[in-house]
1. Quick check on my filter: what residues within the range 140-168 are of a type in the set (Gly, Ala, Ser), part of a helix (DSSP H, G or I) and over 15 Å from ASN192 (Cβ atoms)?
2. What are the residues in the range 397-431 that are closer than 14 Å to GLN68 by Cα and not charged (D, E, K, R), if any?
3. Looking at the structure I just gave you, is ALA128 under 20 Å from SER196 (Cβ atoms), in contact with a Ser or Thr (Cβ under 9 Å, 6 or more places away or on another chain) and surrounded by fewer than 19 Cβ atoms within 10 Å (Cβ to Cβ)?
4. What's the number of the condition THR404 fails, among (1) touching a strand residue (DSSP E or B) at 6+ places or on another chain (Cβ under 7 Å); (2) more than 27 Å from PRO329 (Cα to Cα); (3) polar (S, T, N, Q)?
5. How many residues, within the range 188-228, are more than 18 Å from LEU85 (Cα to Cα), in contact with a helix residue (DSSP H, G or I) (Cβ under 6 Å, 6 or more places away or on another chain) and assigned to a loop (DSSP other than H, G, I, E, B)?
6. Does the range 116-136 contain any residue that is free of Cβ contacts under 8 Å to residues at least 24 places away in the same chain and farther than 27 Å from THR57 by Cβ?
7. Quick check, is LEU92 aliphatic (A, V, I, L, M), closer than 26 Å to MET309 by Cβ and in contact (Cβ under 8 Å) with a residue 12 or more places away in the chain?
8. Among the listed residues ASP112, ASP133, which satisfies the condition of being out of contact with any Phe, Trp or Tyr (no Cβ under 8 Å at 6 or more places or on another chain), part of a loop (DSSP other than H, G, I, E, B) and more than 21 Å from GLU430 (Cα to Cα)?
Amino acid sequence: MPDPTEEIAAIVASRGEPERYSDDLPSAAPEPAATADEREHVSMPQPAAQDTPDGQTPTDFASLTTMQVGGKFAQLLVARTAFELAAHAAGLWESEDSWLLLGGGSNTIVADSGYPGSVLLVRNTGIAVVADDNLPENKVRVRVQAGQDWDELVAWSVAQGYAGIEMLSGIPGLAGAAPVQNIGAYGGELANTLHSVELYERDLAAVRRLPAAELRLAYRDSILKQGYEAVVLSIDLVLDASRDNSTAEGQPLSAPIIFPQLAKALGVKLGAQVPLREVRDTVLRVRAEKGMVLDPQDPNSVSAGSFFMNPIVSEQFARTLPPHAPRFPVDAEEASDTVTTFDAIRDGQLPPLPDYDSGERRVKLSAAWLIENAGIKKGFRLPGSKAAISDKHTLAITNRGGATAAEIGELARYVVSMVQAEFGVVLAPEPNIYGIEI
């Protein structure tokens with residue numbers, strides 16, 4: 001593959017634009033030359049992904065997203081290599097026209113009127129082990145192309161006996177989107193294993209590698225979601241490859257189980273380690289029971305997964321909720337970037353955000369519990385609508401066949417209003433939403 005740093009820089013060298021991001025974001029310093037610590041020595045080639053399951057060229061967002069709604073776009077560009085991904089992004093930024101980056105389409109909902117700009121499809125795939133002399137012998141560094149299917153990556157890591165992301169089995173989407181959202185489930189989170197990301201940065205007009213620490217990963221958040229203009233080309237993970245950490249039969253063990261629901265499903269105590277395959281199979285089963293695994297035979301999976309984020313509130317506010325309302329402690333770093341709740345909304349204005357430096361403890365609530373206890377049950381739909389709450393999980397909004405994006409938005413707004421009226425909590429949507437008011 002050509003060196004994208006030099007060739008992409010040439011595309012935009014004449015632009016002469018000032019930096020757009022604020023001073024406290026990562027500096028636009030060129031990445032040092034590759035060292036012996038990053039020698040690529042084992043690779044797993046991947047076939048080029050089809051743009052749609054049937055191989056047809058898509059013409060609208062309904063055919064590119066798991067919610068299966070959304071109108072047309074102006075132009076479709078497909079990137080099958082990291083170089084193409086960077087080159088297309090550079091050209092689109094150069095044109096100053098509006099455009100959307102789209103991976104698996106599992107976290108995007110676009111209005112029925114469509115989108116006036118271009119769509120850039122991420123389709124570069126591949127997994128490789130990268131030698132890193134700075135890591136302990138029991139760790140392995142894995143480089144994953146942005147267009148690689150996330151669950152295929154998890155399946156590969158389990159087959160290799162590498163622990164660290166098995167709790168994230170079944171999450172739809174592509175690897176490049178994982179750091180944007182800092183994906184997480186069942187006590188696992190990408191932040192626990194992410195080493196770095198390789199990205200094409202608009203203002204530097206070059207490719208560089210950014211350490212995970214500079215992404216400011218938080219609950220479903222990162223600087224990549226907050227206006228930092230860059231496209232992820234690949235991600236590096238550090239996984240546990242210890243052969244000593246296994247059963248008597250030689251089966252590699254998982255990271256400690258810290259999520260109560262998963263521990264219960266596995267029949268183990270919190271902190272226990274379980275064979276990787278057993279964890280993956282159990283997570284997939286539990287997710288499928290909630291309609292959270294993409295399955296053509298399950299209409300409940302025609303969704304964007306969890307539609308609302310679990311709100312983070314002050315411990316003081318949490319005490320105003322019923323005693324049996326689920327709540328989970330969060331650390332200051334996780335709480336600092338996510339605010340989805342308010343004690344009241346007066347005169348149409350949102351009150352000031354809480355002071356996270358005050359030392360006040362924060363807790364995370366269950367959005368699913370709030371929705372159900374606000375009177376919205378599984379399977380609920382508004383009269384005449386083809387959008388419905390999942391039959392399996394109140395946190396998912398589903399397309400029951402022929403729903404419009406407007407109907408999805410209408411149901412989402414109804415859920416928000418009911419939860420706010422009952423508990424004084426304003427739920428925030430998790431998917432990226434364009435042209436629809438929630």
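The values are calculated or read from the model by the stated rules, or taken from the named source; none is laboratory data. None of the values given here were measured: they were computed from a predicted structure. Note: ideal-geometry Cβ built from the backbone for every residue, glycine included; neighbour counts use all protein chains shown.
1. Hits for the range 140-168 are ALA155, ALA159.
2. The answer is ILE397, THR398, ASN399, GLY401, GLY402, ALA403, THR404, ALA405, ALA406, ILE408, GLY409, PRO431.
3. Taking the combined requirement at face value, the residue satisfies it.
4. The one condition THR404 does not meet is (1).
5. 5
6. Checked against the condition, which is being free of Cβ contacts under 8 Å to residues at least 24 places away in the same chain and farther than 27 Å from THR57 by Cβ, the range 116-136 yields at least one hit.
7. Judged against the criteria, LEU92 is not a match.
8. Result: ASP133 is the single residue among ASP112, ASP133 that is out of contact with any Phe, Trp or Tyr (no Cβ under 8 Å at 6 or more places or on another chain), part of a loop (DSSP other than H, G, I, E, B) and more than 21 Å from GLU430 (Cα to Cα).
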